Amino acid sequence: MACSPEMLNQLKDWWSVFESVNKQFVNLNDEGVIVLNATTFSPERKIFNPEPQTVMATFHQYEDRFKEFETRVEDLEKQWGEEEDKTKLAQKIKRLWDVGQHHSSIGHYEPLFKKLATWGQVAAALEEEMDKKREALLEQAEALVKTDDWKENTQQLKELTKQWKDIGNPQAGKGQELWEKFDQLRDNFFERKHQNYIEQESEMMQNMDFKLELVEKAEALANSDDWKNTSELFTHLMDDWKNIGRTLHDKNEEYWTRFNTARQTFYDNKKIHHESIQVEQDKNYEVKLELVKEAEGLKDSTEWGKTTKAYAGIMEKWKQTGRVPKEKSDEIWNQFNAAKDHFFAAKRSHFETRKKAEQENLLLKQELLVRAEMLKTSRHWHDTTVEMNQLMEEWKSIGPVPREQSDKVWTQFLAARKEFFKRKDEDREKKKERRAFHKEWQEKQTVKKAVNLNDELAEEVEKLKDFEQALLDTTSGPKVEELKAHLTNLIQETKVKIEKLTTKLEKLKTPKKIR
């Protein structure tokens with residue numbers, strides 16, 4: 001909407017006296033629009049078309065919006081300091097940069113853009129360095145997959161893949177394209193490897209490789225003390241062995257002897273271990289029985305925080321105690337878990353009820369917030385002050401709200417109150433200034449009138465003396481009586497003037513109240 005000449009003049013008058021730390025970053029143009037100045041990183045752009053009645057409040061709203069953007073940059077700066085792989089933040093930096101280029105707010109954008117630009121350059125440089133490493137790995141892979149040394153190449157491809165992952169996940173762009181090429185090379189290699197086995201039609205040689213792989217896995221597991229997982233692995237290895245077809249007889253005997261020896265070594269060690277820990281497990285069982293009693297004694301507690309910590313302590317002791325005999329493990333665990341579940345089910349029920357009440361309280365406080373937002377721009381100072389205080393009393397009478405919403409609604413409610421009382425104080429100060437100015441002006445006018453009246457009174461007193469002396473000096477001559485009558489009238493008129501002037505001076509000495 002075009003700005004009228006009258007409105008434009010009002011805005012210019014306001015702009016000439018308006019003070020703000022952020023005024024230096026904007027201008028009021030000839031069309032009556034607040035315009036953000038260009039920076040090294042962004043062009044000039046319009047922010048808002050102000051209205052004379054609301055321009056100051058609107059200006060501060062846009063300053064607050066800038067603080068929101070500034071906070072996002074500060075949050076990103078914190079992430080930048082904490083994140084080791086800076087390239088992970090490249091997309092966030094770009095998005096925040098784009099937001100800043102179109103963000104409608106008022107503030108000092110230059111240092112924020114400078115930070116974003118610096119971070120973006122660093123992230124881009126790091127990504128470029130990582131891409132160079134990926135290109136080197138891609139070249140090695142391209143050379144590798146051209147040969148038919150399947151086993152060696154497979155191992156080397158695994159190593160190259162590990163090195164690739166150690167570099168870090170690529171961001172969108174060149175890094176992703178390099179990964180797709182690398183992944184395609186791997187797929188092509190393993191497809192060729194598989195096709196080679198088919199073309200060789202050498203099932204026995206293939207089975208021999210498979211069994212050798214099982215032997216190596218079994219030998220690697222022979223001295224493991226991860227009894228449960230390793231037992232499962234040996235079961236799977238045995239199933240795999242049975243499912244593998246024929247191999248060369250002499251190799252089959254050799255591999256079986258190695259495989260079975262490794263397997264038997266593990267199970268012999270496992271047997272010795274279980275025999276040695278049987279006594280320890282019986283002791284652990286006694287300890288855990290005591291922990292079960294302790295847990296059952298707490299299950300009906302309503303001291304939620306204290307009892308939760310107590311259960312955490314019991315659980316920690318449970319974990320530290322170690323295993324119990326297998327045949328008793330499920331039973332004692334179920335006893336412990338039943339007590340613990342009983343307590344936490346009651347706790348959940350309690351907090352679900354409280355959560356529902358907090359949601360209801362939130363709705364009530366949001367209604368008060370809406371009313372406070374409506375009142376914050378009111379100029380009915382007395383009535384609005386009463387209502388604002390009533391809203392605060394209602395707010396205090398409402399119970400707690402969800403923790404994640406509490407600070408937000410309170411801050412917004414408090415901000416609405418502060419804005420109203422700030423405007424009220426500003427209005428009172430302006431009235432004080434006007435009264436003081438009027439009083440000073442009135443006092444100056446009074447002094448000026450008093451000076452003029454005193455001068456006029458002195459002049460009339462002198463006239464009276466002259467007239468009285470002239471009357472005394474009149475003795476004889478033609479028209480004496482007529483002259484005396486004239487002087488007598490002048491003396492009377494002068495006395496009346498003197499009396500009026502004296503009365504006016506007395507009135508000036510009595511101060512008038514300034515309304």
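Only the coordinates and a few stated rules stand behind these numbers; no lab work does. Just so we're clear, the structure is a prediction, and the values are computed from it rather than from any experiment. Don't worry about glycine lacking a Cβ; one is built from the backbone with ideal geometry, like all the others, and counts go over all protein chains shown.
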Estimated dipole of the chain in Debye, rounded to 20 [Cβ of Lys and Arg +1, of Asp and Glu -1, Cα centre]: 2780 debye
Taking the Cα atoms of region 360-515, what is the range of coordinates along each of the three principal axes, in descending order and whole Å? 112, 19, 18
In whole angstrom, the spacing between the Cα centers of region 274-299 and region 371-409 equals 57 Å
Filter the GluC sites (Glu not before Pro) in region 1-92 to those in DSSP coil with at most 15 other Cβ atoms within 10 Å of their Cβ, and list the result. Glu19, Glu31, Glu44, Glu83, Glu84
Put a dot 7 Å past each Cα toward the Cβ at Ser104 and Glu456; how far apart are the dots in nm? 6.2 nm
Exactly which chymotrypsin sites (Phe, Trp or Tyr not before Pro) in region 74-111 are in a DSSP loop and have at most 10 other Cβ atoms within 10 Å? none
I need to check one value: relative contact order of region 441-509, counting alpha carbon pairs closer than 8 Å and at least 6 residues apart, in percent. 48 percent
Can you tell me how the chain classifies by the Cα gyration tensor, rounded, prolate or oblate, using a/c under 1.5 as the rounded cut? prolate
Of the cross-linked pairs Lys347/Lys408; Lys228/Lys355; Lys23/Lys408, which ones have a Cα-Cα span greater than 32 Å in the structure shown? Lys228/Lys355
Over region 183-335 - Rg/Rh using Cα atoms and the Kirkwood inverse-distance radius: 1.24
Could you grab the relative contact order for the chain? Cα pairs under 8 Å, six or more apart, rounded to a whole percent. 7 percent
Going through Lys133/Lys181; Lys86/Lys181; Lys444/Lys507; Lys211/Lys242; Lys162/Lys193 one by one, the pairs whose alpha carbons sit over 18 Å apart turn out to be Lys86/Lys181; Lys162/Lys193
Run the helix sum for the chain: -39,500 (n - 2.57) per DSSP H stretch of 4+ residues, divided by residue count, reported at 222 nm to the nearest 500 deg cm²/dmol. -28500 deg cm²/dmol
Of the residues Gly120, Thr147, His103, the Cα lying farthest along the dipole of region 91-165 towards its positive end, which is defined by charges on the beta carbon of Lys, Arg, Asp and Glu, belongs to His103
From the Cα gyration tensor of region 25-67, with a ≥ b ≥ c the square roots of its eigenvalues, which class applies: rounded if a/c is under 1.5, or else prolate if a/b is larger than b/c, or else oblate? oblate
FRET efficiency for Lys326 and Glu216 from the Cβ-Cβ distance with R0 = 30 Å, rounded to 0.05, comes out at 0.45
In the structure shown, do any of Lys356/Lys418; Lys132/Lys158; Lys430/Lys500; Lys340/Lys396 have a Cα-Cα gap over 28 Å, and if so which? Lys356/Lys418; Lys430/Lys500; Lys340/Lys396
As an exercise, identify the trypsin sites (Lys or Arg not before Pro) in region 206-258 lying in DSSP coil whose Cβ has no more than 11 other Cβ atoms within 10 Å. Arg246
On a 0 to 90 degree scale, rounded to 10, what angle separates helix 304-321 from the longest Cα axis of the chain? 30 degrees
Euclidean distance between Cα centres, region 214-233 to region 1-60, Å: 77 Å
